[in-house]
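First up is the structure itself, then whatever we jot down about it.
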């Protein structure tokens, strides 16, 4: 049986609203979040996703440009021991993944870390988290879409010997007029999402399968070029090099939390969400380590310096043909399209949850009764991200996705600790082992990586937070559904399993 927390009634203004400070720290009970799950204006999200589809969503959002691009940046730091660097980066991500797994199973809603913060840390912190996620997902979709256009160009060069004209493959300021491929991939993702979550998940599963097969084909073909001498010395720059490469590679793991945004469309979220998050992290780490081991065995580690397309170069040098690099480019095109699809999906579901709480306009929570998807939300987000990718030179702005992600990860680790203290008897499908130690380690690692980012990234983050403050205090705080709610609706409750 659930009971109200003891304590004096909350002070209210004559019109029934709560005073300023209390309005900023008001929390939404877990029960209220869960009971609202799936409901939006005009219809409901449909529970159609099982464990396999949820796992593929997280893999689709994670396994993308990282292995195709970042490997060339990490090998010069670690040498052949870059395989260990992937393990270190995976373990670093694991601490936050464990916290996500516990909260995703306990609070299975569409808002992911935004909703977890709302239930534990209060409305203002939840808004900041949601605003960070909008930066992470929005700019990430645009940046990844730009990368898709570059791989399309490479694929066309490999197959036809000529690519797209610069005027149609880059935005103004980057040598072009309009990045058509970047807009196209965002619109394709939008079309899949408008068809429904189940249909989108099927398309994503196909794309994830193709990109994993492409990487396995790379390993099979490049294995012919492996030389034992390329693994010696295994750790030429010591553990310092392994750690430095691990910090670079950590961002190849961003995206494992994507399944948590599907909390209201999962058939059995309490059971499947924790499993999907952890399983996707294990599978991605295994693929990364396998590809890295083959890559450094087939090419001396010193020759990775400045190599952005390291995997394509290895296939070309091993086989002497352009067919295999072109095939890998096709895999990269599919891989990046999958990232665009799953990240755009996550963006729409977070906005859906924020809109349902009244913090952003109601149009983002309107669900089409036929498809069971937030159609207007999807179209608006796709139009914004597509225009950003096609017409705006992103440059260093893309780096800001990292700080937004790490901030959200940090809040999730804090939320686990807070919910364990305020609701110790709540039923949890999965529990972080050695809590609060592991969440504190996850929090410390996130803060360390945040403060290792450059001043330009922090400046962009500061400007984005300032804009967010204006939007919240000018719109969200007044429109919040909890704005005039009595304490019974906003205070946390305590209960036992």
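For the stretch 331-465, would you read off the P(r) tail past 19 Å as a percentage of all alpha carbon pairs?
67
Return one number: the angle in degrees, 0 to 90 and rounded to the nearest 10, between the long axis of the Cα atoms of helix 269-298 and the longest principal axis of the Cα atoms of the chain.
For 269-298 against the chain, the angle is about 20 degrees.
Give the Rg (one decimal place) followed by the Dmax (whole number) of the stretch 61-121, computed from C-alpha coordinates and expressed in Å.
Values for the stretch 61-121 (Cα only, Rg and Dmax): 15.9, 45 Å.
Based only on other Cβ atoms within 10 Å, what is the fewest-to-most ordering of 234, 192?
Ordered by Cβ neighbours within 10 Å, fewest first: 234, 192.
Once Rh for the stretch 106-225 is found with the Kirkwood sum over Cα pairs, what is the Stokes-Einstein diffusion coefficient at 25 °C and 0.890 mPa s, in µm²/s? Let's see the in-between values first.
Values: Rh = 17.7 Å.
It diffuses with D of about 139 µm²/s by this estimate.
If each residue's Cβ is checked for other Cβ atoms within 10 Å, how do 63, 344, 51 rank with the fewest at the top?
Lowest to highest Cβ neighbour count: 51, 63, 344.
What is the distance, in nm, between label points placed 7 Å from the Cα along the Cα-to-Cβ direction at residue 216 and at residue 174?
Taking the two extended label points, one gets 3.3 nm.
Post the alpha-carbon centroid distance, the stretch 457-478 to the stretch 122-165, in whole angstrom.
The distance from the Cα centre of the stretch 457-478 to that of the stretch 122-165 comes to 22 Å.
Given 5 Å bins starting at zero, what is the percent of C-alpha pairs of the stretch 173-222 in each, up to the one with the largest pair distance?
Histogram of Cα-Cα distances, whole percents per bin: 5, 17, 15, 15, 15, 12, 15, 6, 0.
Hey, with R₀ at 56 Å, roughly what FRET efficiency would residue 22 and residue 209 work out to, going by the Cβ-Cβ distance, to 0.05?
Once the sixth-power term is evaluated, E becomes 0.65.
Which ordering of 446, 219, 385 is given by a fewest-first count of other beta-carbon atoms within 10 Å?
219, 446, 385
Dividing the alpha-carbon Rg of the stretch 403-442 by 2.2 N^0.38 Å yields what? Could the numbers behind the result be given before it?
Numbers: Rg = 10.7 Å, N = 40, 2.2 N^0.38 = 8.9 Å.
Working it through for the stretch 403-442, the quotient is 1.20.
Bin width 5 Å, origin at 0, all Cα-Cα pairs of the stretch 194-284: what percent of pairs per bin?
2, 10, 12, 17, 17, 15, 10, 8, 6, 4, 0
Using Cα atoms only, what is the angle between the long axis of helix 123-160 and the major principal axis of the chain, expressed in degrees (0 to 90) to the nearest 10?
20
Report, in degrees rounded to the nearest 10, the 0 to 90 angle that the Cα long axis of helix 323-356 makes with the longest principal axis of the chain.
10
Compute the Rg/Rh shape ratio of the stretch 291-338: radius of gyration over Kirkwood radius, all on alpha-carbon atoms.
0.98
In whole Å, what are the extents of the stretch 358-429 along the principal axes defined by its C-alpha atoms, from largest to smallest?
Principal extents (largest minus smallest coordinate, Cα): 50, 40, 22 Å.
FRET efficiency for residue 469 and residue 323, Cβ-Cβ distance as r, R0 = 41 Å, nearest 0.05?
0.15
When N is the residue count of the stretch 41-489, what does its C-alpha Rg come to as a fraction of 2.2 N^0.38 Å? List each step's numbers first, then the result.
Numbers: Rg = 21.5 Å, N = 449, 2.2 N^0.38 = 22.4 Å.
Against the compact-globule rule of thumb, the ratio is 0.96.
Every read-out reported here was derived from the displayed coordinates using simple, explicitly stated rules and does not represent laboratory data. Every value quoted in this text rests on a predicted model; they were computed, and no experiment measured them. As a convention, Cβ positions derive from the backbone with ideal geometry for all residues, glycine included, and neighbour counts pool all protein chains shown.
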